[in-house]
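So the structure is just underneath, and the comments pick up after that.
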Amino acid sequence: MGLGIIGGKKVASALLNCYEKSRARGRPLALKVFQAGRNRLENEGATALAEVFKQIKTLEEVHMYQNGINAPGIRALAGAFAENLKLKVVNLKDNTFTVQGSMAMAKVIPILKELEVINFGECLVRTQGAIVIAEAIADFHNSLKELDLSYNEIKMAGAEAIVQAIKNKNNLKKLDMNGNNLGDGGCEKLKILLQEVDKLKVLDSLSDDEGEEDEDEDYVEGEEELGEEEEEEEEEDEEEEVKNDENKTHQKQPMPI
């Protein structure tokens, strides 16, 4: 069953209580590793924990894989990671970033200069997400050892961006791009590009590649996500206006004699 949302909030509350009491005694909790994989934390649990992570600021490893976290929770965690500059390992595998979550994480990655392991496999990063993540790691992170972007519906444009981003990563030992949408030709092209920058040896298997899909799917779906949010906001505004009109009408009705 896992912790669930309620359990995640209780853990967050306990950690915060411990941190505040230890800080009052002059020896604040210096948590280095947090692991809560397969716990169904979802957005609420992840956001509660993110608020505590912001206070602690000493994390070096975060493992929160397979927790049903999507873009709002990923954004909350990205904000928390920005306060933990010693982070070396970030494992958020099998959650749901989409383009919005990828962009939020890409904003914070450049300041996490000690990162050694980034595991965003099975996170629905897609091509556009892969491109912004590639841009985020391109100029720094010489200590990066593992990059997992497997099973993310990434097409060739995203793979090419990743190759350019890792070409100067001398400590990289593993690149996992399996299960994406490169197609047979794309898989061969990826190998050639990696060979050209002397990084073919770090590439993991491509045996589960899903084949090519429609070229512009990433951008259309990203726009749809933003459009859905705008529609929801408009609906909420309309509902509020209706309530206000009803209240005004009720107030104007004459009192019965």
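The values are calculated or read from the model by the stated rules, or taken from the named source; none is laboratory data. What you are looking at is a predicted structure, and each value in this text was computed from that prediction instead of being measured. Methodologically, a virtual Cβ is constructed for each residue, glycine included, from the backbone with ideal geometry; neighbour enumeration extends over all protein chains shown. Side chains included, ligands, DNA and RNA excluded: accessible areas come from the protein's heavy atoms. Shrake-Rupley method; radii C 1.70, N 1.55, O 1.52, S 1.80 Å.
Quick notes on this structure:
- Tabulated pairs, region 6-25, first in contact (Cβ under 8 Å) with a residue 24 or more places away in the chain and open to solvent by less than 90 Å² (accessible area, probe 1.4 Å), second hydrophobic (A, V, I, L, M, F, W, C) and not in a helix (DSSP H, G or I), C-beta under 6 angstrom, 6+ apart or interchain: G8/L41; Y19/L29
- Any hit, region 105-119, residues being under 19 Å from I5 (Cα atoms), of a type in the set (G, A, S) and open to solvent by 10 Å² or more (accessible area, probe 1.4 Å): no
- Q164 meets the conditions (1) assigned to a loop (DSSP other than H, G, I, E, B); (2) open to solvent by 10 Å² or more (accessible area, probe 1.4 Å) in every case but one. The failed one is (1).
- Test: S205 is loosely packed, with under 15 Cβ neighbours inside 10 Å, assigned to a loop (DSSP other than H, G, I, E, B) and modelled with pLDDT of 95 or more: yes
- Checking each residue in region 125-157 for being modelled with pLDDT under 95 and either within 14 Å of N91 (Cα to Cα) or open to solvent by less than 50 Å² (accessible area, probe 1.4 Å) (or both) picks out only H141.
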